[in-house]
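> Handing you a structure now.
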Amino acid sequence: MNTPKNTGLYKLLGAIFFSLFSVGVFAETSIAILDFELNDLTLIPRTPAEIQRTASIKAMLEGELKRAGYKIISIDSNIQREKNGGFGYLFDHSEIAAELADKAGANYILVGRLHKPSFLFAYIMGHLVRANDGQLIGNYISEAKGGDKKLTLKGVESLAVKIDSDLNNIYTPPPPSRTVR
């Protein structure tokens, strides 16, 4: 017999099942993140500090997206170089980036660039591409003022928010630090 008490129980069990199923679906979303390229247009381009900063962005973004529950898929840097026809090639050719992701077993791939037109700021840019069809899902730009690691991390967090808003919408960046250094 379907009494109001039983109906409430069924609704509760349904909500629990839906919640567990939803979390499982989100946990399965996988992203491959390629090494970021540096496009330095300043008068003193490609300084060791700027090259190091650019290299650190991938690891920062992987950390933020892992924290949000995404599965990060690795693509060997040598394989990335083999597919790259030159500076900006993978950034401009989503279908080739998608092939890399598909072969690696990722749902999506992020192709990134640090565009530095000035000593005062830089843009952390990314193209999110769906692996199964090469479709560009998102074109993201986050500004990072200065070259400080904390400011770069804030730009990466902003990029993670934008990526997540087009995917599972589960990422919450950490609150701002109260300590100023």
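> Between LYS149 and ALA55, what is the spin-label point distance in nm, taking each point 7 Å from the Cα along the Cα→C-beta axis?
Going from the LYS149 label point to the ALA55 one covers 1.4 nm.
> Between LEU120 and GLN80, how many nm apart are label points set 7 Å from Cα along the C-beta direction?
Reported label-point gap for LEU120 and GLN80 is 3.1 nm.
> Right, another one. What is the magnitude of the charge dipole of segment 50-96 about its Cα centre, with +1 placed on the Cβ of each Lys and Arg, -1 on the Cβ of each Asp and Glu, and no other charges, expressed in debye to the nearest 20? Each step should come with its number before you reach the end.
Numbers: 7 positive and 7 negative charges, 47 e Å.
The calculation lands at about 220 debye.
> With no solvent and one equal point scatterer placed on each C-alpha of segment 29-166, evaluate the Debye formula and give log10 I(q)/I(0) for q = 0.10, 0.13, 0.17 Å⁻¹, two decimals.
-0.29, -0.50, -0.86
> Out of residues 5 or more away from GLN135 or on other chains, whose amide H comes under 5 Å of its own, with H placed 1.01 Å from N in the peptide plane?
Placed amide hydrogens put ARG130 under 5 Å from GLN135.
> Now a separate question. Calculate one ³J(HN,Hα) per residue across segment 28-34 by plugging θ = phi - 60° into the Karplus curve 6.51 cos²θ - 1.76 cosθ + 1.60, and present them in order as whole Hz with x for glycine and proline.
The phi angles translate into 7, 5, 10, 9, 9, 10, 7 Hz.
Each value in this text was obtained by applying a stated rule to the coordinates, not by laboratory testing. Quantities reported herein were computed from a predicted structural model and do not represent experimental measurements. Cβ coordinates were reconstructed from backbone atoms using ideal geometry, including for glycine residues, and neighbour counts include every protein chain displayed.
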